[in-house]
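Participant: The structure is given below, and queries will be raised subsequently.
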Amino acid sequence: MIPDHRPTFPQGYRPGVGIVGCGEVVKEAHLRAYTDYAVDVVGVYDPRPEATAEVQALFPVVRHVFGSLDELLAHPEVEVVDIATHPAVRLELIGRALEAGKHVLAQKPLALDARAARALVEEAERRGLRLAVNQNGRWAPAWRVATLLVERGVVGDVFAVTHLHDHDFAWIVGTAFDEIPHFAIYDFSVHWIDITRCWLDGKTVSAVRALDFRTPNQPPESKGRWGAWVAVEYADGSSAQIRSIGSAATRRPGNPFWIHGSEGTIRGSVRRGTDFVELDRGGAFTRYALEGEWLPDGFAGTMGELLTAVAEEREPFNSARHNLLSLQMTLAACRSAGEGGRPVTLDEVPC
């Protein structure tokens, strides 16, 4: 039986959404997804007028371009705020939205500091509001099917997860992403760290090790370190590894993954037209038919889950509280990389 892996939205509940930040990711992913899934986008706000200049012509789903954050937050039809900014200003914006009584979907990584992130989680809970994180990779079709299989116990106890992504990060040169310390780990591999956290849920992380480095074929004008690896060790002997090639010279890039359990293996790949997932169990192989793509469907998945959780008065699967462990692991990896690969415990990244 094929697990139902498509994004879902609640029946009869389509609250108004206001988007803060209108960069390329919003245009390439958020608004494409919201158009496809009939999300009610009341309006967008970005302090840069050029960012919103053509947005209504490109995406008729957007009803208004707001002149200020206050105007967006004061609009009576905006019940949910989608915060799609860089992390330096993200926590302040989340706090403003919560003060205005809005549910929030915040871009990943949630914060630069785990304790500050937890404080906002607790603030949202005190106010009875839902705070979710846009970990859209959780709804990448192959990863979503894998998650559902793991949750059903199909491969038994998961004890090893391995990822490889052979991207070329040339697209970040000259952008704000090239200024982010440990970009390949903090901003990019956070998706891979987060999904690993989901597949090894319930296990205790004992240490995280990581390194990032310039690859020999990076363009000289690039500022970041595109090559990276992250290793996660668990108290019961389970492990996870993530390897970023960073500047792969290939016309057939992929993001293969393996999930090894006590009763079987799940293998697959995500993005760049390589999506597949198959189950290897008991001498039989089952390959699952997939619908959709990470971009834009993953962005529909995160919003749909938040809206469903609001309608059902429960915590969303992508809640900020659930994401705190992913954030701790990511920050631990960045600290380790900054200290030459030293094992870092989560106690060193207080939350």
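Participant: Taking 7 Å along the Cα-to-C-beta vector as the label spot, tell me the Val25-Glu151 distance in nanometres, rounded to one decimal.
Facilitator: Placing both labels 7 Å beyond Cα along the Cβ direction yields 2.4 nm.
Participant: Hey, fewest Cβ within 10 Å first, where do Asp40, Asp297 land in order? It would help to have the intermediate numbers written out before the result.
Facilitator: On the way: Asp40 15, Asp297 24.
Ascending number of Cβ neighbours within 10 Å: Asp40, Asp297.
Participant: Could you work out the Rg to Rh ratio of segment 27-101, with Rh taken as the Kirkwood radius (inverse of the mean 1/r over all Cα pairs)?
Facilitator: My calculation puts Rg/Rh at 0.94.
Participant: Return the Rg/Rh value of segment 232-341, two decimal places, where both radii are evaluated on C-alpha atoms and Rh is the Kirkwood radius.
Facilitator: Value, to two decimals: 1.00.
Participant: Now, a different point. Compute from the Cα atoms of segment 19-152 the Rg and the Dmax, the latter being the longest Cα-Cα distance, and quote both in angstrom.
Facilitator: Cα radius of gyration and Dmax of segment 19-152 are 15.4, 48 Å respectively.
Participant: I need the Debye-formula profile for segment 138-193: one equal scatterer per C-alpha, no solvent, reported as log10 I(q)/I(0) at q = 0.23, 0.29 1/Å, two decimals.
Facilitator: -0.98, -1.23
Participant: Still on this model: How many Lys pairs in the chain lie less than 28 angstrom apart by Cα atoms, where the lysines are 8 or more positions apart or on different chains?
Facilitator: Numbers: Lys27/Lys102; Lys27/Lys108; Lys27/Lys223; Lys108/Lys203; Lys108/Lys223.
Qualifying lysine pairs in the chain: 5.
Participant: Could you give the radius of gyration (one decimal) and Dmax (whole number) of the Cα atoms in the chain, in Å?
Facilitator: Cα only, the chain: 19.7, 61 Å (Rg, Dmax).
Participant: Ranking Lys108, Lys223 by Cβ neighbours within 10 Å, fewest first, what do you get? Please list the in-between numbers first.
Facilitator: Values: Lys108 23, Lys223 15.
Ranked by crowding around the Cβ, least crowded first: Lys223, Lys108.
Participant: Let's see if you can work this out: charge +1 on each Lys and Arg Cβ, -1 on each Asp and Glu Cβ, no other charges. What is the dipole magnitude of the chain about its Cα centre, in debye to the nearest 20? List each step's numbers first, then the result.
Facilitator: On the way: 36 positive and 46 negative charges, 129 e Å.
In total the dipole reaches around 620 debye.
Participant: List the longest stretch of the chain that has no exposed loop site; here a site is one of the GluC sites (Glu not before Pro) assigned by DSSP to anything other than H, G, I, E or B, with at most 14 other Cβ within 10 Å.
Facilitator: 78-220
Participant: Enter the mean projected area of the convex hull around the alpha-carbon atoms of segment 137-267, in nm², rounded to one decimal.
Facilitator: Hull-based average projected area comes out at 8.2 nm².
Participant: For the Cα atoms of the chain, what angle does the longest principal axis make with the long axis of helix 87-99, in degrees from 0 to 90, nearest 10?
Facilitator: Between the helix axis and the principal axis of the chain, the angle is about 50 degrees.
Participant: Between helix 190-199 and the chain, what is the angle of the helix's C-alpha long axis to the longest principal axis, kept within 0 to 90° and rounded to the nearest 10?
Facilitator: Helix 190-199 and the main axis of the chain meet at about 70 degrees.
Participant: Please give the helix 141-151 orientation as an angle from the longest Cα principal axis of the chain, in degrees from 0 to 90, rounded to the nearest 10.
Facilitator: Tilt of helix 141-151: around 70 degrees.
We did not get these values from a lab; they are worked out from the coordinates using the rules stated. Note that the coordinates shown come from a computational prediction; the quantities given were computed from them, not determined experimentally. Because the Cβ atoms are built from the backbone with ideal geometry, glycine has one as well, and the counts that use them run over all protein chains shown.
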